[in-house]
1. Given Cα pairs under 8 Å that are at least 6 residues apart, what percent is the relative contact order of the chain?
2. Hey, any idea what the orientation-averaged projected area of the convex hull of region 73-154's Cα atoms comes to, in nm²?
3. Please give the charge dipole size of the chain, origin at the Cα centre, charges +1 on K and R Cβ atoms and -1 on D and E Cβ atoms. Round to the nearest 20 debye.
4. Could you point to the residue in Leu43, Phe63, Tyr115 farthest towards the positive end of the chain's charge dipole, with +1 and -1 charges on the Cβ of Lys/Arg and Asp/Glu respectively?
5. Select from Lys149, Lys39, Lys176 the residue whose mean-square fluctuation is largest in a Gaussian network model of the chain (Cα-Cα springs shorter than 10 Å).
6. Place a label point 7 angstrom from the Cα of Arg164 along the Cα-to-Cβ direction, then list the residues of region 26-65 whose backbone nitrogen is under 12 Å away.
7. Per residue and in cubic angstrom, what volume does the convex hull of the Cα atoms of region 8-184 have?
8. Looking at region 41-119, which trypsin sites (Lys or Arg not before Pro) are in a loop (DSSP not H, G, I, E or B) and have at most 11 other Cβ atoms within 10 Å?
Amino acid sequence: MTERPSEGDLIIVAGGDEAGRGAVIGPLVIGVVSMSSGKAAKLSRIGVRDSKMLSPRKRKFLFDEIESLAEEVKHYSISPLEINNAMRSNISLNELEALHVSRLIDSLKEVDEIYLDSPDVIQERFGVRVSVLSHKPIKVHGMKKQPKKEGAIKVVSEHKADIRYPIVSAASIIAKVTRDDEIERISDALGMDIGSGYASDSKTVETIKKNLRNGNLLPYIREYWKTMTGIRQQKMSEFLSE
């Protein structure tokens, strides 16, 4: 992150990241964290890093530590219903995520620099999408021929930003803990163990296979996902072979 020691804590930096992008059950959660650059410098020292590199216990501990350091902590859960409706309308997951990242950024009281973990193949393009959707003046780092905006906020949109920038790592922890809590709530509400909600989790896949027609589970499933198509095809094959 850009450091301006002469201004110290007056510089407010923010990071944005998500959790649950590749899941088949549960929400995609976006987290945004803002804090002074002085406090952001402490994140690495207290153990903040990409949420995938931390144990659930460590993530929960750091969640509280981040909240205590932050100016603001924001998160939004994009439900499977919202994702399904967007897919039906030919709105990509990148576009949907950019929309809600921009809304969270707009809700921040003050910010000078924003660092985003980009899900786009062209990393800067995600930042451009956010800048178009945001009501705040934004200048995307690395993009040429941008219109001049008075008091523009610097936005850095990069792949693996959750590893490179501790402020983005902090946002990834907020998003991951929030999603994990939501998955636990869904499991309790349904009275079934849905696992992590990811296609790589055999428990999750088995739960879906056994409950494809379960009206209670269906609202939590993302229909427009290649893994779901595979599961449905396998289920049909089993039915035909009986």
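Every number here is computed from the coordinates shown, using simple stated rules; none is lab data. None of these values were measured; they are calculated from a predicted model. Backbone-built Cβ (ideal geometry, glycine too); neighbour counts: all protein chains shown.
1. It rounds to 28 percent for the chain.
2. Average projection, Cα convex hull of region 73-154: 6.0 nm².
3. Value, rounded to 20: 520 debye.
4. Tyr115
5. Lys149
6. Flagged as within label range: none.
7. Spread over its residues, the Cα hull of region 8-184 gives 113 Å³ apiece.
8. Loop-located and lightly packed - Arg45, Lys109.
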